[in-house]
C-alpha cells in the first residue's frame, strides 16, 4: 500500500461559499462530517476579502445523526487552531479535530461590523483502515 499524502487523505466539503450578508451577527453551520473510521482530520477554512469586522470559527462535534447534540469543542487536546479567536485578516486557517464523536462541523459567525467576507471550507481526514505514514 502506498504511504504518501495523496493516497492517505480523503477530502470533503465542509462549507460552501457563504457570503458576508449571511454572516453578519449570525452563525452559519457548515456541512456535517461523518468521522467514522477516521484517525483525525482538519478543517481548512478559507476567508476572503474581510474589509472590516471579524469572524469567529468554532468546531462542533456530536454523536447523533440528526446533529441535535452538537456542541462546541474547546479542549485543546481535541481541537487545534485559532478556536474562539476573532479573525480579522483574510487567509487560510487550519483547525484540527482529534475527538471521538461521530460527527463534526464548523460554525462561523461574524460581528455586526463585518463587511466583505466570503467563507468556504474543506475537511481532510485519514482513514483508520489505511494506517499512518
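Read the figures in this text as sums done on the coordinates, not as results from a lab. A quick note: this is a predicted structure, and the numbers were derived from the prediction, not measured. A quick note on method: Cβ atoms are made from the backbone with ideal geometry, for glycine too, and the neighbour counts reach across all protein chains shown.
Here are the numbers for this structure:
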read-out	value
Extension gain from residue 31 to residue 67, taking 0.36 nm per residue of separation minus the Cα-Cα distance	11.9 nm
Enclosed volume per residue, in Å³, of the convex hull spanned by Cα atoms of the chain	100
Relative packing of peptides 19-30, 107-118 - highest average C-beta neighbours within 10 Å first	107-118, 19-30
The chain, relative contact order [Cα under 8 Å, separation at least 6], %	46
Choice from 80, 60, 36 showing the highest fluctuation, given a GNM over the chain with Cα pairs closer than 10 Å	36
Protection-proxy order for peptides 86-94, 8-16, each taking the mean of Cβ atoms within 10 Å per residue, highest first	8-16, 86-94
Rg/Rh ratio calculated on Cα atoms of region 2-65 (Kirkwood radius)	1.03
Computed lengthening from residue 98 to residue 112, 0.36 nm per intervening residue step minus Cα-Cα distance	1.9 nm
Mean separation of Cα contacts under 8 Å, 6 or more apart, over the residue count of region 56-102: relative contact order %	42
Computed label-point distance, nm, for sites residue 48 and residue 9 using a 7 Å Cα→Cβ extension	2.0
Helix-derived mean residue ellipticity, 222 nm - over the chain, DSSP H n ≥ 4, -39500 (n - 2.57), to 500	-1000 deg cm²/dmol
